[in-house]
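Enquirer: Shown below is the structure under consideration.
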Amino acid sequence: MKALAAGLFAALLGTAAYAGEAVNYKVDGAGYEGYFAKADGASKGLVLIVHDWDGLTGYEQKRADMLAKLGYDAFAADLFGNGNRPESVPARQAETGKLDKDRAKMRSLVLAALAEAQKKGGLEDVGNTHLLRGIALYNSGDAREARKSFNRALNFKKYAKSARQWIRVLDTRSSAE
């Protein structure tokens with residue numbers, strides 16, 4: 001009877017059971033722990049999830065699982081490092097501030113996560129990879145490298161339209177400066 005009551009109690013409370021898996025990887029010798037959820041069925045593509053200021057938590061893991069159920073491989077990146085999940089506002093500001101001040105490091109962390117995601121997903125859709133890499137580079141402030149990735153994506157019919165749109169964004173941005 002106690003076991004039944006304990007089981008019912010646990011079911012009512014709910015547990016954080018995730019369908020994906022933790023993925024340990026290294027960037028410049030430091031350990032990071034991402035989260036990968038494989039698509040249900042044939043993958044429609046890869047989605048890279050970047051956490052907000054409290055680090056990689058159950059929120060990102062749940063989103064990755066949701067995307068997997070929709071048919072996408074999903075990888076939640078870790079930008080703070082193994083076990084670094086700041087809990088107070090000052091700690092969160094400090095961690096995100098480090099990345100804001102060192103865009104090169106942030107770029108290398110995002111690109112390393114993308115590379116790890118590609119390994120886990122057995123990604124065959126190379127055009128999507130070039131497009132995602134270009135977006136990551138653009139968002140980290142490296143327009144020159146982003147343009148190279150978008151130009152590579154132009155070679156894949158499925159991604160050429162999106163790549164052209166991103167290149168127009170880069171052109172508009174550079175002409176405004």
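The values are calculated or read from the model by the stated rules, or taken from the named source; none is laboratory data. Small disclaimer: the values here were computed from a predicted structure and weren't measured. Because the Cβ atoms are built from the backbone with ideal geometry, glycine has one as well, and the counts that use them run over all protein chains shown.
Enquirer: Out of (1) touching a residue at least 24 places away in the same chain (Cβ under 8 Å); (2) part of a helix (DSSP H, G or I); (3) in the same structural domain as ASP54 (by TED's automatic domain parsing), what's the single condition that is false for ALA163?
Expert: Status for ALA163: all satisfied but (3).
Enquirer: Kindly evaluate ALA117 against the criterion of being closer than 23 Å to GLY31 by Cα, part of a helix (DSSP H, G or I), without any contact (Cβ under 8 Å) to a residue 60 or more places away in the chain and aliphatic (A, V, I, L, M).
Expert: Working: closer than 23 Å to GLY31 by Cα: yes; part of a helix (DSSP H, G or I): yes; without any contact (Cβ under 8 Å) to a residue 60 or more places away in the chain: no; aliphatic (A, V, I, L, M): yes.
Against the criterion (closer than 23 Å to GLY31 by Cα, part of a helix (DSSP H, G or I), without any contact (Cβ under 8 Å) to a residue 60 or more places away in the chain and aliphatic (A, V, I, L, M)), ALA117 does not qualify.
Enquirer: So, in the range 64-80, of the ones that are touching a Leu at 6+ places or on another chain (Cβ under 8 Å) and part of a loop (DSSP other than H, G, I, E, B), which residue ends up farthest from ASP125 (Cα to Cα)? If you could, list the steps in order and put the result at the bottom.
Expert: Just the residues of the range 64-80 that are touching a Leu at 6+ places or on another chain (Cβ under 8 Å), to begin with: 72-80.
Right, trim to part of a loop (DSSP other than H, G, I, E, B) and you get 72, 78-80.
Numbers: TYR72: 12, ASP78: 23, LEU79: 25, PHE80: 28 Å.
Per the stated criteria, the residue is PHE80.
Enquirer: Also, quick follow-up: Restrict the check to the range 138-145 and report whether at least one residue is modelled with pLDDT of 85 or more, more than 23 Å from ILE167 (Cα to Cα) and of a type outside the set (Gly, Ala, Ser).
Expert: no
Enquirer: Shifting gears a bit: Would you pick out the residues in the range 47-61 that are assigned to a loop (DSSP other than H, G, I, E, B) and buried (at least 17 other Cβ atoms within 10 Å of the Cβ)?
Expert: HIS51, ASP54, GLY55, LEU56
Enquirer: Take ALA117 and decide whether it is of a type in the set (Gly, Ala, Ser) and buried (at least 21 other Cβ atoms within 10 Å of the Cβ).
Expert: When the stated conditions are applied, ALA117 passes them.
Enquirer: If you go through the range 147-160, how many residues are in contact (Cβ under 8 Å) with a residue 24 or more places away in the chain, outside any helix (DSSP H, G or I) and either closer than 14 Å to ILE135 by Cβ or not polar (S, T, N, Q) (or both)?
Expert: Residues in the range 147-160 being in contact (Cβ under 8 Å) with a residue 24 or more places away in the chain, outside any helix (DSSP H, G or I) and either closer than 14 Å to ILE135 by Cβ or not polar (S, T, N, Q) (or both): 1 in total.
Enquirer: Can I ask one more? Checking the conditions here, which among GLY127, GLY83 is outside any helix (DSSP H, G or I) and either over 20 Å from GLY34 (Cβ atoms) or free of Cβ contacts under 8 Å to residues at least 60 places away in the same chain (or both)?
Expert: That would be GLY83, the only listed residue that is outside any helix (DSSP H, G or I) and either over 20 Å from GLY34 (Cβ atoms) or free of Cβ contacts under 8 Å to residues at least 60 places away in the same chain (or both).
Enquirer: Further, regarding this structure: Within the range 26-38, is even one residue modelled with pLDDT under 90, buried (at least 18 other Cβ atoms within 10 Å of the Cβ) and within 26 Å of VAL126 (Cα to Cα)?
Expert: no
Enquirer: Separate question: Step by step: first the residues of the range 155-177, then only those that are of a type outside the set (Ser, Thr, Tyr) and surrounded by 18 or more Cβ atoms within 10 Å (Cβ to Cβ), then the one that is nearest to ASP100 (Cα to Cα). Which residue is that?
Expert: TRP166
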